[in-house]
Amino acid sequence: MSEGIRLNKALADAGVCSRRRADELVFAGRVGINGVPAESPGQRVLPGDVVSVDGRTVTLKDERADSCWLMLNKPVRVVSTASDPEGRETVLDLVPEPWNRRRLFPVGRLDFFSEGLLLVTDDGELAHRLTHPRWHLSKVYQVLVRPERGESSVSAALSLMRRGMTLAEGDRLAPVEVNVLSSSGRGVLLEMVLHQGLNRQIRRMCRDVGFTVLRLKRVKEGPLELGSLAPGRVRPLSDAEVSALRRAVGLGKEPEESADDRKQRFSSPGARRERRRPHS
């Protein structure tokens, strides 16, 4: 008979939050198992158990299956969601057999007219780390632009991006690594390295410096490179690539927190206040 898995791991694998955040939710009384408040993050979740957070049921990952990690070269005019209310093609529509039988989701997103490297998985814990701003995983883009003020304006625009600029909406940006790869009659091809990842950041930056974006392609994310993967095609990540991703976001480095350490951390005055706080 299955012994189940720890509650904090089940929540992390489902993509709800990290294990440490799951601990906090449990001790704050916000997690239930079969309608009863969970007793501890180490409580075992058995097959058939219903887990909820703030009253909402969590869809748990099937622990009998290994995690699936895919790299996809997203084409333009495909949405980076699991489903689309407008009926447009999604990145999951591009996933072939046998992977499309799994409950996969995209990690982060590329907008409708952007293309390139996008990860797809059912590994909630690692996906949460990859999209969390704390880890600042670098992403590299190739951006073909047309300078509306002529090529003489390019140097000043790149200097502004490198210093860190403020968008028209008021968002202050961290400095961006940006270099010219080539220049031709088609436009200026830039390589941009982002660590911040605001919504539509590159397009908004280019708009504010007078660049029209003709093509935007992500070619690298952390230790992974798109390489020669054709548009619309999918390949599984190797074990070495998954291990490199885990190292890049600090997974596998820290020793597992002991029950005594966890109890001491949540017996602090701050933790006790959190446990008394009403549900949000």
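Read-outs: derived from the displayed coordinates by stated rules, not from any lab. Remember, predicted model here, so these are calculated numbers, not experimental data. Cβ sites come from the backbone with ideal geometry, for glycine too, and all protein chains shown count toward neighbours.
Data for the structure
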read-out	value
Furthest towards positive pole of dipole, Val193, Gly32, Asn100, structure part the chain, Cβ charges	Val193
Length-normalised contact order for region 139-221 - Cα pairs under 8 Å, 6+ apart - percent	48 percent
Segment Asp239-Arg20, length gained on full extension (0.36 nm per residue, minus Cα span)	76.3 nm
DSSP-defined beta bridges in the chain - what % are antiparallel, rounded to 5	95 percent
Derived scalar couplings ³J(HN,Hα) [region 208-220; Karplus, 6.51 cos²θ - 1.76 cosθ + 1.60; whole Hz; x for Gly, Pro]	6, 9, x, 9, 9, 7, 9, 7, 9, 9, 7, 10, 7
Helical contribution to [θ] at 222 nm, DSSP H n ≥ 4, -39,500 (n - 2.57), averaged over the chain, rounded to 500	-7000 deg cm²/dmol
Ser40/Arg215 FRET efficiency (R0 45 Å; Cβ-Cβ; nearest 0.05)	0.30
Sites Ser155 and Val76 - FRET efficiency at Förster radius 25 Å, r taken between beta-carbons, to 0.05	0.30
Dipole magnitude of region 139-221 about its Cα centre (Cβ charges: Lys, Arg +1; Asp, Glu -1), debye to nearest 20	220 debye
Ordering of 101-114, 144-157 by packing [mean C-beta count within 10 Å, highest first]	101-114, 144-157
Region 1-149, dipole about Cα centre (Lys/Arg Cβ +1, Asp/Glu Cβ -1), debye to the nearest 20	440 debye
Sorted by Cβ neighbour density within 10 Å, fewest at the top, the residues Thr81, Thr59, Thr90	Thr59, Thr81, Thr90
The chain: relative contact order as a whole-number percent, Cα under 8 Å and 6+ apart	20 percent
Scattering profile of region 139-221 at q = 0.12, 0.20, 0.23 Å⁻¹ [log10 I(q)/I(0), Debye over alpha-carbon scatterers]	-0.29, -0.85, -1.16
Whole-Hz ³J(HN,Hα) from phi, Karplus 6.51 cos²θ - 1.76 cosθ + 1.60, for region 151-162, glycine and proline x	5, 5, 8, 5, 4, 5, 5, 5, 4, 5, 4, 5
